[in-house]
Each structure stands twice: as structure tokens, then as C-alpha cells.
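Asks: Sharing a structure, written as C-alpha cells. Questions coming.
The values are calculated or read from the model by the stated rules, or taken from the named source; none is laboratory data. In this text, all values refer to a predicted model and were calculated from it rather than measured experimentally. Note that each Cβ is placed from the backbone with ideal geometry, even for glycine, and that neighbours are counted across all protein chains shown.
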Amino acid sequence: MLQELRVSQFAIIDSLNIEFQNGLNILSGETGSGKSVLLKSLALLMGEKASADTIRTGCTQATVEGSFYLKGRPDLQKHLESLGIEIEDNQLIVRRIISSGDKSKVYLNGVLSPLAQLRDIVAPLIEVTGPSAPLIEMTGQHDNRNLLSKTYHLDLLDQYAGHWDKRLTFETQYQNWLELKSQIADFEKKAQDKAQRLDFLKFQFQEFEKLDLQPEDAQLDIEIKKLKNSSKLLQFADLCDQLVYQDDGSVSARLKTIQKKAIEVAALDPALQDKVSALDQAQSLIDDAIYAVRTYVNKIDADPEMLEEKESRLSQIRKLQKKHGEDLTALMDVFNQMAGEIKALENSDQHLEQLKKQAAVLELELRKQASEIHKTRSTQAKKLTEKVNQELLDLNMKGVLFDVHIASLETLSSTGLSDVEFLSQTSPKDPKRALNKAASGGELSRILLSLKKSVGKSDFPRTYLFDEVDTGVSGTTAEKVGRKLKEIAKGQQVICVTHLPQVAAFGDVHFSIQKSTLKDQAVMTVNELKKQDRIEEIARLISGEKITKTSLAHAQELIKECQA
């Protein structure tokens, strides 16, 4: 719901603040009072392009700000959060700043945003259930673009038919089908390069295969270094043997001397027995270490051919690493990927056939679903036609007939196999024609009102803006228009610009638009009317500028009847 509208320095608006309410909000004013300016400011909230020409004379920028209550719109709250825009207290504040030089900025809850993002959130797109439902929808005799769109016709029919979930499921499967078709086309396109790619992969694959990489190849660097320094390792083993066992005063001989003396001393002081026992362990550890060194070194094969073989293998691995990866694990991953791609290319014909079979099966399923949806649409189209025509009769549009034309298509689309178009005829004798060719602006407005009344409310509350939907009607018909607007406004918000007292009297809240001159400049003001002021405004709508006692009495009675 649009809770508040603030406008400053825009066209003839100096400063304006309107607090809208739930239900039916009425806007009225004399011809030329500035209703169109107010609607232009609302259009800016919905993503219309801004122009520096709309900045009030003598000012450098204009501002339009709207506050929306989003408690009943979890879809939009989720969308805003996905864009990184925080929501507090279920509020969305849209701010447009128009500066000279055609520079315009958009803020959503204080976050600078693209104009397209604003349109995506607020703009009047289509009236349907689901994630594409708009926050505001603007309709009127001069803005019936949606009503003239066949896409909108189909969406309205599907909303009325109550199978929107089925349609969303169908659209998802349809996109899967398109993806399969894209993969098939891609495979067929690449078929020309398949042989060349396969030869290239096989050549590289043979390099890997010839090397037969093994996990132990990661130790090649260490192995080569060991082989190159085998003589130094042998010298070290000989030195250990010599110093520990062979030299005069060797470590082993000196340790034995200490052990012998330790036994003698231990006899003098038994407490020393535990202290010197570690000397025996030291001798054993030294013997084990020298044996381990000698055994390990003796196993080193200092064969020059083996060294050359390992160096050659390491060189080949280094070349592959430059091409494909830094370490052995990366190389083995590349090898496995190559094997997979080669297998895929060698079996691509078979894979292509599998894709074609999947696409064919999915197409059959889609056609089956589309056929069922089309049958439902055909049945519901007849019911919607009858309902809208009954509403039109109720609006005294005698002779005007509405019709939903539905035809079956051969080619699948994201919405199925149905071509839907709304038609009308001015009398039973006239041919049925598209709305844009048969209906006048006033008739379009009433047809639109009848459709909204017939289709019913969507799953999501929103604001409806009706711009002079009552143009060209009067008397009893005007009262019926007002009553239908009142019904649509139940549980939702309707903002209606009207010049008819019979419509205005149904309002839950009434605003008066006035234009005056201040310091040689036109100024527009909007005031919420209370009790007597509202009676006087409706009396003005009844009798014109000269308000009489009769028109005041009539206005008071009219409000009483419409609010009963």
C-alpha cells in the first residue's frame, strides 16, 4: 500500500504531502487544477523517465518520495533483500531526485539504485498472481497499454482460471526443454571440429600415457639428489664406522672403559647403580644407529644409467607441468579430464542421440500439459466472457459485448499452446474486433473495471490507480462504477481520480486538488476533506462552482447512501 506521497519543486507543486489510506481514496478537483501533475509524480515512483523540464521554475531540483507498506508482500521483501536493500518495519521508501541537465537519481530505502531496478519493484507491469505482481498498477482512459496487450490478456485469463501454479511449473519445464535444444545445437555445431579436437587430445593424452605417472613420482627430486650424492653418503657411513669402532680411542672403546669403571664405582655406592645403567642403553643406541646408516647407504644404487633415467623422467614431467599444472596432483587431474573428454567425444554421437531422445520425451510431456491447460483456458474463457458481459450490462453499456478469443497454436511457447486475445463489438451485428480497434477510451476503462471485478483479487495486495475511469458516464451508471471501485478496494488500496459525485461519495477518504497563484506562480495543493468540506466538494461536483442549498443537501444524502 502507498502510505504517503511527498513532492517538492515539481511542476506547479511547491511542497506537497498526502497520506493515503486503505480502501478507496478519492482525488477530485476542477479542470486544470493539476490532477495530471499529481499523476505524473506518481508515475515517477513507478519508474517513468524524468525530465529536467518538470523542475519548478526557479528551482534547481525536484523531489518525489513515496512510502510503501510491504507487510502483505513477502515476495517484494525477499526481492529487495536479494538486492542488498534492508527492510525495516515493513517499509519501502522510494525517492526520485530530478536535477537540471536531465540528471536523475533513484534511492530505495536510501540505497542508490538503477531506474530499471525501481521499475522491477514498483512499475505497473501486469496484474497477475506470483512473483511478477506489481506493487502499483495504474490504469485509466489514457493509459490502457496493458489492456491492449495480448500477454496481459493471457495472464488475466490464467489468474481467473486459477492454474497459475501449473503455468509456472510448465514454464520451468519449458526452459529445461530449451536448454536441451541448446545443448543439441551446440553439439551439432561442434561436430565439425570434433575430429580435430579428438586428434589433439589423443596426442597430448599419449604423452601422459607414455609417462604413466605414479604417486611416487612426487619423490623424484629427492631420489635424484640422493643418487647424485651417493659417494658423500658412503663416506659419511665409513666415517661413522671409523670414529665409533676402528680408531684408537674410538667412541666404542672409550664407552667400554667408562662402563667398566662405572661397575667398580657402583660397588662402592649402590645408589650409583641406576645412574650408570643408562650407559648400557647408550652403547646399544649407538650400535643400532651405525648399523641403520650402513644398511641404508649400502642399498643406494649409484648406477649412472638409473640416475640418467630418473633425470630424463623428471625432465618430461617438468615439461608437462609447464603446459598443464604445477604439481603432480594437478597433472593427474588433467590426465583424468582428458580421458573423460576423449571418451565424451568418441561417444558424442551416442550422447547426442540421448539428448535428442530426452528433448523429444520432454516435448511430448510439455504438449500434453499445454493441451490440458488450453482446455481449461477454453472453458474458463467462456465463463469469463459471460461474467464480464454481465458486469458491462450492470454498467449500462448496452450493445457493447466482450469476448475472449482463444486459439490453439502449433508451436510451443513458455505459456503453452494458446493464443488469447480480448475482443469487443459495439452491437451483436458488428464483427468482433481487437480492443484497440473497437473500443473507445471510456469503453476501455469500463471493460477494464469489469475485468478486475470479474477476475477478482490476486494473492498479493497492491495499489490500483484509476484515472477518470468514469469518463463518459453519469447517473445510475456512475453510481455502479463507484460501487464496483468500492468492492475492488476491499482489503486493498484504490486511488481514483474522478469528477463524478456518485463515484466520489463512495470514497473512504477524499482529497481535493486545487490550484492557486502565489507570487505570479501557479501553486497546487492537495487537502484531505473532512465532513463539511467533503459535503461541499461533492456539492461542487453536483452543481458546479455555484453551490446551492439543494446541492449541499443532495451531497449529504449521497454520502449517507454510499457509505451505508
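Asks: Kindly indicate which of Glu386, Glu372, Glu410, Glu363 is surrounded by fewer than 18 Cβ atoms within 10 Å (Cβ to Cβ) and in a strand (DSSP E or B).
Replies: On inspection, the qualifying residue turns out to be Glu410.
Asks: Return the residue satisfying two criteria in turn: it lies in the range 392-405 and is out of contact with any Asp or Glu (no Cβ under 7 Å at 6 or more places or on another chain) and part of a strand (DSSP E or B), and of such residues it is modelled with the lowest pLDDT.
Replies: Leu401
Asks: Given the criteria modelled with pLDDT of 70 or more and in a helix (DSSP H, G or I), does Leu307 qualify? Even if it seems obvious, please write down each step before you answer.
Replies: Numbers: modelled with pLDDT of 70 or more: no; in a helix (DSSP H, G or I): yes.
For Leu307, the condition - modelled with pLDDT of 70 or more and in a helix (DSSP H, G or I) - is not met.
Asks: Would you point out the residue of the range 134-179, among those that are at pLDDT below 90 and of a type in the set (S, T, N, Q), that is nearest to Leu44 (Cα to Cα)?
Replies: Thr139
Asks: Could you please let me know if Lys210 is under 29 Å from Asp333 (Cβ atoms), under 43 Å from the mean Cα position of the chain (by Cα) and either at pLDDT below 70 or assigned to a helix (DSSP H, G or I) (or both)? It would help to see each step written out before you state the result.
Replies: On the way: under 29 Å from Asp333 (Cβ atoms): yes; under 43 Å from the mean Cα position of the chain (by Cα): no; either at pLDDT below 70 or assigned to a helix (DSSP H, G or I) (or both): yes.
So Lys210 fails the test.
Asks: Further question: Out of the residues in the range 1-17 that are of a type in the set (A, V, I, L, M, F, W, C) and farther than 21 Å from Ala52 by Cα, which is modelled with the lowest pLDDT? Even if it seems obvious, please write down each step before you answer.
Replies: We begin by selecting, within the range 1-17, every residue of a type in the set (A, V, I, L, M, F, W, C); these are 1-2, 5, 7, 10-13, 16.
Remaining after also requiring farther than 21 Å from Ala52 by Cα: 1-2.
Working: Met1: 82, Leu2: 89.
In this case the residue turns out to be Met1.
Asks: Criterion first (surrounded by 22 or more Cβ atoms within 10 Å (Cβ to Cβ) and not assigned by TED's automatic domain parsing to the domain that holds Thr57) does Ile495 satisfy it?
Replies: No: the conditions fail for Ile495.
Asks: Suppose we filter the range 1-23 for residues that are closer than 14 Å to Leu45 by Cβ, part of a loop (DSSP other than H, G, I, E, B) and among the aliphatic types (A, V, I, L, M); how many remain?
Replies: Result for the range 1-23: 1.
Asks: So is Ser28 in contact with a Leu (Cβ under 9 Å, 6 or more places away or on another chain), surrounded by fewer than 19 Cβ atoms within 10 Å (Cβ to Cβ) and outside any loop (DSSP other than H, G, I, E, B) or not?
Replies: No; evaluated as a whole, the condition is false for this residue.
Asks: Given (1) in contact (Cβ under 8 Å) with a residue 40 or more places away in the chain; (2) within 21 Å of Gln196 (Cα to Cα); (3) not β-branched (Val, Ile, Thr), identify the lone condition not met by Gln350.
Replies: The failed condition is (1).
Asks: Sticking with this one: It is to be established whether one or more residues within the range 423-430 are at pLDDT 90 or above, out of contact with any Phe, Trp or Tyr (no Cβ under 6 Å at 6 or more places or on another chain), closer than 30 Å to Ser474 by Cα and not assigned by TED's automatic domain parsing to the domain that holds Ala195.
Replies: yes
Asks: Another question, then. Among the strands (runs of 3 or more DSSP E) contained in the range 439-539, which hold 3 or more residues that are modelled with pLDDT of 85 or more?
Replies: 493-497, 509-518, 521-528
Asks: So, in the range 540-564, of the ones that are in a helix (DSSP H, G or I) and acidic (Asp, Glu), which residue ends up farthest from Leu24 (Cα to Cα)? Show your work before the answer.
Replies: First, the residues of the range 540-564 that are in a helix (DSSP H, G or I): 540-543, 549-562.
Filter once more, so that each one left must be acidic (Asp, Glu): 557, 561.
Numbers: Glu557: 19, Glu561: 16 Å.
So, considering only residues that are in a helix (DSSP H, G or I) and acidic (Asp, Glu), the one farthest from Leu24 (Cα to Cα) is Glu557.
Asks: List every residue pair whose Cβ atoms sit under 6 Å apart, with the two residues 6 or more apart in sequence or on different chains, where the first one lies in the range 264-290 and is in contact (Cβ under 8 Å) with a residue 12 or more places away in the chain and outside the structural domain of Asp241 (by TED's automatic domain parsing) and the second, anywhere, is part of a helix (DSSP H, G or I) and surrounded by fewer than 12 Cβ atoms within 10 Å (Cβ to Cβ).
Replies: From the range 264-290, no pairs qualify.
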